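Working notes, beginning with the structure itself.
Computed from the coordinates by the stated procedures, all read-outs in this text should not be read as laboratory data. Predicted model, so just to flag it, every value in this text is computed and none were measured. Reconstructed Cβ throughout: ideal geometry from the backbone, glycine too, with neighbour counts over all protein chains shown.
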Amino acid sequence: MTASIKDVAKEAGVSIATVSRVLNDIDVVNEDTKKKVLEAIDKLGYRPNIVARSLKTQKTGTIGIIIPDISSQFYPEIVRGAEDVANIYDCNIILCNTDLDPQKEMEYLNILREKMVDGVLYMSNSLERNTLALLKKLQMPAVLVETTDIEESFPSVTIDNEEAAFEAVEYLIKKGRRKIAYIGIHEDMINAAAKRFTGYKKALLKHNIPFDEDLVYFRGLKAATGYDGMKEILKKGSMPDSLFCASDEIAMGAINALRDEEILVPEEVDVIGFDDSYFAALFYPRLTSVAQPTYDMGSVAMRLLIKLIQKSELAQEHFILPHKLVIRDSVK
């Protein structure tokens, strides 16, 4: 039978109120009594009733993390950074994978509210208005990771995706490339990856390179998008001299498509990815990529969320962390 707080009090020879004070770390119990209570808890294997405690404190010690695609190479390090900070504050994580489905995002937000989580770290492939409205309606502490909302209603942690893309494309231009293809997400999508297309166009404009619709392909961020997109661009007869991709997975898929057509990377086509995921340095050729500080994004976001939960004043609400272009073998 599961031990109760009453059993602990009896074993330690103290009142239930004293046991409660020890459990809640209230500093009025002397060290000898505290030691007796902790020994009784250990001996009986007592675990506090989280539901009962949450009704009293209005906190459950749980935090929801919503991610769009658990199979992506990008999100695990963000979650690791967030979880490591959560552990410092004795918080547990509920991880929700939405499969890039906005409806599923909204369902998970409602479920997390029902489970009385203390707050939510929210990552999304596309932050739609309905989802944003629900986040506001549920009134849960929330921090956005990798993206921001138009109204800046919620604290956020991201990089400057537009500037990062601009720098990557300008790097190709300075190497003499003029026919630079793009595969990724259209700028009409409300997310971080979409801003990479804006950065791509900005670099072309600055260097007076005409925008060519035959050199762009829009769909998603997976390897299949890169493979199909590269095939489609080649089918149109627009042979690029370089390619900028909105993710590393896209870049890998595109390189495989070029390989199938016996087009060499980087001898004939330079390729740059985005994220600098774990496999970027293992793929052949080793992938030049824009690195995001994924672990730091998760840890900074979780610290922000903990402050919100504790109702502490935020010295800063929106963090733009540094990025860098990591040069490897896919650009000559």
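Of note:
- For the pair Ser4 and Arg178, a Förster radius of 56 Å applied to the C-beta separation gives a FRET efficiency near 0.15, rounded to the nearest 0.05.
- Potential lengthening between Asn24 and Gln316 on full extension [0.36 nm per residue; Cα-Cα distance subtracted]: 102.1 nm
- Shape analysis of segment 131-170 based on the Cα gyration tensor places the equivalent ellipsoid semi-axes at 28, 9, 6 Å, largest first.
- Applying 1/(1 + (r/R0)^6) with R0 = 41 Å to the Cβ-Cβ distance of Glu39 and Asp160 gives a FRET efficiency near 0.15.
- The angle between the Cα long axis of helix 294-309 and the longest principal axis of the Cα atoms of the chain comes to about 40 degrees, rounded to the nearest 10.
- Mean separation of Cα contacts under 8 Å (6+ apart) over length of the chain, as relative contact order %: 17
- Rounded to 10°, Cα long-axis angle of helix 194-206 versus longest principal axis of the chain: 40
- Kirkwood hydrodynamic radius over Cα pairs of segment 237-332, then Stokes diffusion coefficient at 37 °C and 0.692 mPa s, in µm²/s: 217
- The modelled label-to-label distance for the pair Lys206/Glu107, using points 7 Å beyond Cα in the direction of Cβ, is 4.4 nm.
- Across segment 161-292, Cα-Cα pairs more than 27 Å apart make up 7 percent of the total.
- Partners of Lys36 within straight-line reach, counting lysines whose Cα lies under 30 Å from its Cα and excluding those fewer than 8 residues away in the same chain: Lys6, Lys10, Lys56, Lys59.
- Relative contact order for segment 161-292, counting Cα pairs under 8 Å that sit 6 or more residues apart, in percent: 24
- Pairs with C-alpha atoms separated by more than 32 Å, drawn from the list Lys104/Lys179; Lys206/Lys231; Lys231/Lys332; Lys174/Lys236; Lys231/Lys324, are Lys104/Lys179.
- Here's the list of aspartates and glutamates a cross-link from Lys115 could span, going by alpha-carbon distance under 13 Å and ignoring same-chain residues fewer than 8 apart: Glu107.
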